[in-house]
Amino acid sequence: MASSSNIPVLCAGDVLTRDEFERRYAAMPDLKKAELIEGVVYMPSPVRCRQHGDPHFLLSGWLSDFARATPGVRGGTDVTLRLDQENEPQPDLLLRVAGPTGRSRVDADGYLVGPPELVVEVAASSVSYDLHQKLRVYRRVGVPEYLVLRVLDEQVDWFVLRRGVYEPLVPDRSGILRSDVFPGLGLDVPALLRGDAAGLQAAVSAGIGTPEHEALVRRLTS
């Protein structure tokens with residue numbers, strides 16, 4: 001994608017339509033990440049290793065483990081989402097149902113259109129708009145589950161959409177959160193916070209092959 005001197009530079013705080021946002025973004029190939037939230041451009045700060053890179057890597061492995069064991073489910077990293085004319089976020093991670101029963105689809109341009117079943121954000125400097133502006137957008141467009149890892153607070157918020165309202169999932173006695181949308185997907189929160197990849201994998205392995213997970217696989221592959 002070649003830049004053009006005739007196209008204005010994309011700047012944080014710009015108020016744009018989605019088409020104009022994409023036009024300016026495409027003209028800046030060196031720009032790594034920008035998002036359009038409620039018509040306003042957000043450009044996250046540079047990514048630090050311990051505050052973003054490390055937990056992002058752990059969560060990516062966690063979702064990959066589940067997707068590999070669940071036909072019909074696919075994940076993504078830093079995928080641009082076309083949600084509506086004022087919102088084009090680029091979440092850190094997502095998990096979605098592929099095929100006709102899923103809520104999202106890949107359009108002719110290769111972008112993902114519509115709400116994936118699970119959106120995951122790793123939030124340090126971005127925690128304010130991840131838990132406010134983005135949360136409201138994801139709720140309105142019907143993202144069924146939204147997970148935010150608040151790195152500096154060492155907290156995980158996992159919301160499930162029920163009757164149009166995001167309600168927090170509650171961990172069990174072992175500190176494991178379990179997805180409503182993807183039965184068998186469990187997140188060992190203490191393991192995540194201490195950077196224990198094996199602990200995250202164990203929680204997923206425990207959910208794979210359960211009756212609930214097998215029912216999900218049958219539904220997605222029937």
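Side notes on the structure shown:
- Spatial offset of segment 159-222 relative to segment 8-38 amounts to 35 Å, using the alpha carbon center of each.
- Ranked from largest, the principal axis spans of the Cα set of segment 55-172 equal 40, 34, 28 Å.
- Under Karplus coefficients 6.51, -1.76 and 1.60, residue-wise ³J(HN,Hα) of segment 201-213 in Hz, glycine/proline x: 5, 5, 5, 5, 4, 5, x, 6, x, 5, x, 5, 5
- Bridges between two residues of the chain, per DSSP, are antiparallel at a rate of about 80%.
- Protection proxy ranking of 83-92, 115-124 - average other beta-carbon atoms within 10 Å, highest first: 115-124, 83-92
- Percent breakdown of C-alpha pair distances by 10 Å bin, ordered from the shortest bin, for segment 99-157: 22, 44, 27, 7, 0
- Each residue of segment 192-197 was assigned a 3J(HN,Hα) from its phi angle through the Karplus expression (A = 6.51, B = -1.76, C = 1.60, θ = phi - 60°), giving 4, 5, 9, x, 9, 5 Hz with x at Gly and Pro.
- The chain - mean residue ellipticity at 222 nm from DSSP helices (-39,500 (n - 2.57) per run, n ≥ 4, rounded to 500): -8000 deg cm²/dmol
- Sorting the segments 173-180, 188-195 by their residues' average number of neighbouring beta-carbon atoms within 10 angstrom, most packed first, yields 188-195, 173-180.
Rule-based calculations on the coordinates, nothing more; no lab input. This structure is a prediction, so every number in the text was calculated from the model and none was measured. Neighbour counts run over all protein chains shown; Cβ positions are idealised from the backbone, glycine included.
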